[in-house]
Structure formats: C-alpha cells, structure tokens
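Chemist: Dropping a structure here in structure tokens format, bear with me for questions.
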Amino acid sequence: VFDMLVVGGGPAGAAAAIYSARKGIRTGVVSERFGGQVLDTMGIENFISVKETEGPKLAAALEQHVKSYDVDVMNMQRAAALVPGDLIEVKLASGASLKAKTVVLATGARWRELNVPGEQQYRNRGVAYCPHCDGPLFKGKRVAVVGGGNSGVEAAIDLAGIVAHVTLLEYDSQLRADAVLQRKLYSLPNVTVITSAQTTEVTGDGSKVNGMRYTDRASGESRHIALEGIFVQIGLLPNTDWLKGTVALSNRGEIEIDARGQTSVPGVFAAGDATTVPYKQIVIAMGEGSKAALSAFDHLIRTSAP
Ligand code: FAD
C-alpha cells in the first residue's frame, strides 16, 4: 500500500512525487510516458531560472530528480480506473491494481490537432500550440491562429502585440469567443479575421512553414496565405476519460479542484494540465503538483492511524 500514489509523470506528477518522497512516506508514480508533454517540446525559454533548455533534456532531469529519492516509478503503465474508498484503488490497463491512502492525479492534457497534411512535418518548425511558449519566436513575422473560440482569440490578441501580422481563421461563420474579446480583436490594426475557413494544409519549404491553405466554405474556393507560423487553438483535451463518473469533471473534462488541489473524492488530489487550474504551463504544473502533494500529506496525517 502506498501512502501517496501519483498518476502521471509529467512536470506536475514529478513535482508531487518529489514532495511526497521528501516526507519520508511510501511514494509511487504510475505513468504512461514519463516526461509527459515536455518530451514533445523543443525549445523551452520560460522555465524560470533556466534561460533556455530543450524538452527531452528537461524530461531527463525530471526523471533523474525523482529517481534520486526512494520512489517506485512504474513507467509505461496506463491507469484505467479509480475506485474511491478508505484505501483508494487505481486499476491499471495491464490488469494490475494498486492501493494507496492518497492519490495525486496528474495525467495532463494534449492539444487537439488539425489533422491536415504538413501539420506533423512542420510541428515545432512553424506549427505551434502554445502562444505563451512560442509567441516570441515569431517576433516581427506573419502568423495564423486557427480557432475562433476564447483561446484562439486570446492567442491572436496576445500575438498581435509581438508579431507583424495575425490572420485568425475560424471554421464556423462567426467567432465563438466572448464579445469583449471579439471587440478587442477587431480593434487591432494588424489582425485579419477569416470566418467559414476550413484549414486544409500546412505548407512549407521542406524545413519550415511558409504558409497554409484553406477552403472558403462559402464559395468552395481554395486559398493560400503566406506566413511563417501557425498557432493551433482548437482545444486542449485533458487525459481524464478514465475518471468519468468517479471524480467531478468540468464540462471540458478537466478535474475540478479547489485552491488546495482537492478533488470531489476524499484523499484524491489533482494537479497540472488535467485540472481546472487556469493556464497550462510547466512552472504552473510543477507548483500545482507540489501543492497537491502537500495537501495529500496534510490529509494523510489527519486521517491515518498513528
Ligand atoms: P503532462 O506533461 O501532459 O504529463 C501527463 C503525464 O500523465 C504523462 O506522463 C502521461 O504519460 C501521463 N498519463 C496520461 N494519462 C495517463 C493514464 N491514464 N495513466 C497513467 N499515466 C497517464 N509549457 C511551458 O511552460 N513552456 C513551454 O515552452 C511549453 N512548450 C510546449 C510545447 C508543446 C509542443 C506542448 C505540447 C506543450 C508545451 N508546454 C509548454 C506545456 C507544458 O508541456 C504543459 O503545461 C506541462 O507539461 C503540463 O504538465 P502535466 O504534468 O500537468 O501534464
């Protein structure tokens, strides 16, 4: 039986595991892919106190730090169900089952992709998903934002202050973002909005993005825009399907947490991109993971027999 079982081995899970292990309690980490989204990231320039690093390097450092403590790391294992109780059970896809007094859920999220030709080829070579992370790389250049919901319009407003020009493309005939954001967007001189646009292809010169193609859904015409960057903002999908019906989730599937990282299930805490915490970033996920582990420890000393 674990005192604290962490599900997820990204920045949030790694931080939770280290905070737990430092309390001298029995700690385990189950992860499908240790390192999480960081493994898919190239340049990281906003990991505070480290001017720049690379995803795989940071992921290796996370693993090394966790493994320097007495933590049972179970990598390449997928959690498939959570059963609440005095002892909380985490069932794995392999058929095995783990029991713990407290659980920290840190299963992260993934960006919804366009699924068009060129997107994978030019990922990190012009195709980006995080304006806070990659916006400054496109200073003075032309970019597109795909997606006219709140996150797309926020991204376009944010980027307009950094890049030369932003083209926002929305599939629907109108933007879905809040009116106040739309007003701000339309007031900016270097933003063009195109609605009824279906993105069909990311184009490039073999090494980096040089534009994108879309179909004007009103006329059926195919058009090409020349640009250097494309920010895909069509949704962030939390990895929480396995928790449906057990832990309270928001309408976007994010695990609902309070200010201490407590979920709707006693003894179960959560952190990082999988939760309702605003802004999905590495430093935020690490802070949240540490906080959830401290809350879980607090729960442990109040509930377990001496
Ligand atoms: P994740 O990193 O998503 O980790 C989730 C972990 O849970 C993984 O180990 C995964 O395998 C595991 N998992 C998922 N489901 C299960 C399951 N059922 N059972 C067991 N394990 C499971 N942020 C920045 O701050 N700066 C950047 O420059 C930056 N660039 C980015 C670039 C890209 C391309 C991407 C995709 C993201 C970027 N981010 C950046 C965002 C950052 O990576 C995330 O905010 C951060 O990784 C979230 O950490 P997390 O631990 O909550 O989740």
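The values are calculated or read from the model by the stated rules, or taken from the named source; none is laboratory data. For clarity, every value in this text was computed on a predicted model and none was experimentally measured. Heads up, the Cβs are rebuilt from the backbone with ideal geometry, glycines too, and the neighbour counts pull from every protein chain shown.
This table checks each residue for (1) of a type in the set (Ser, Thr, Tyr); (2) surrounded by 20 or more Cβ atoms within 10 Å (Cβ to Cβ); (3) not in a strand (DSSP E or B).
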{"residue": "PRO56", "(1), (2), (3)": "no, no, yes"}
{"residue": "ALA59", "(1), (2), (3)": "no, yes, yes"}
{"residue": "LEU62", "(1), (2), (3)": "no, yes, yes"}
{"residue": "HIS65", "(1), (2), (3)": "no, no, yes"}
{"residue": "GLU89", "(1), (2), (3)": "no, no, no"}
{"residue": "VAL104", "(1), (2), (3)": "no, yes, no"}
{"residue": "ASN115", "(1), (2), (3)": "no, no, yes"}
{"residue": "GLN120", "(1), (2), (3)": "no, no, yes"}
{"residue": "ARG125", "(1), (2), (3)": "no, no, yes"}
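Chemist: Which of the following residues is outside the structural domain of VAL38 (by TED's automatic domain parsing) and either modelled with pLDDT under 95 or farther than 18 Å from MET212 by Cα (or both): VAL166, VAL153?
Modeler: Unique residue meeting the criteria: VAL153.
Chemist: Next question. All but one of (1) farther than 16 Å from ILE230 by Cβ; (2) assigned to a helix (DSSP H, G or I) hold for ALA156; state the number of the condition that does not hold.
Modeler: With respect to (1) farther than 16 Å from ILE230 by Cβ; (2) assigned to a helix (DSSP H, G or I), ALA156 is out only on (1).
Chemist: Follow-up question, since we're still on this one. Restricting the search to segment 81-128, which residues are in contact with a helix residue (DSSP H, G or I) (Cβ under 9 Å, 6 or more places away or on another chain) and within 30 Å of LEU227 (Cβ to Cβ)?
Modeler: GLY108, ALA109, ARG110, TRP111, ARG123, ASN124, GLY126, ALA128
Chemist: Restricting attention to segment 262-306, and to residues there that are among the acidic types (Asp, Glu) and closer than 17 Å to GLN37 by Cα, which single residue is farthest from the ligand (Cβ to nearest atom)?
Modeler: Here the residue is GLU288.
Chemist: Within segment 224-246, track down each residue that is over 19 Å from the mean Cα position of the chain (by Cα) and in a loop (DSSP other than H, G, I, E, B).
Modeler: Passing the criteria: LEU227, GLU228, GLY245, THR246.
Chemist: Just checking, how many residues over segment 127-167 are within 16 Å of the ligand (Cβ to nearest atom), of a type in the set (Val, Ile, Thr) and either under 16 Å from LEU236 (Cβ atoms) or surrounded by 24 or more Cβ atoms within 10 Å (Cβ to Cβ) (or both)?
Modeler: Counting residues in segment 127-167 that are within 16 Å of the ligand (Cβ to nearest atom), of a type in the set (Val, Ile, Thr) and either under 16 Å from LEU236 (Cβ atoms) or surrounded by 24 or more Cβ atoms within 10 Å (Cβ to Cβ) (or both) gives 4.
Chemist: Name the residues in segment 7-27 that are surrounded by fewer than 24 Cβ atoms within 10 Å (Cβ to Cβ), away from the ligand (no atom under 15 Å from the Cβ) and of a type in the set (Val, Ile, Thr), would you?
Modeler: Within segment 7-27, ILE25 is the sole residue that qualifies.
Chemist: Which of (1) more than 12 Å from the ligand (Cβ to nearest atom); (2) surrounded by 14 or more Cβ atoms within 10 Å (Cβ to Cβ) does ALA259 not meet, given it meets every other one?
Modeler: It is condition (2) that ALA259 fails.
Chemist: Select from segment 45-54 the residues that are outside any strand (DSSP E or B), more than 8 Å from the ligand (Cβ to nearest atom) and of a type in the set (D, E, K, R) and list them in ascending order.
Modeler: LYS51, GLU52
Chemist: Moving to a separate point now. Kindly provide the set of residues from segment 28-44 that are within 6 Å of the ligand (Cβ to nearest atom) and either within 17 Å of SER68 (Cα to Cα) or not charged (D, E, K, R) (or both), ordered by number.
Modeler: VAL30, SER31, PHE34, GLY36, GLN37, VAL38, THR41, ILE44
Chemist: Residues in segment 89-112: is at least one modelled with pLDDT of 95 or more and more than 26 Å from GLY272 (Cβ to Cβ)?
Modeler: Yes, segment 89-112 has at least one match.
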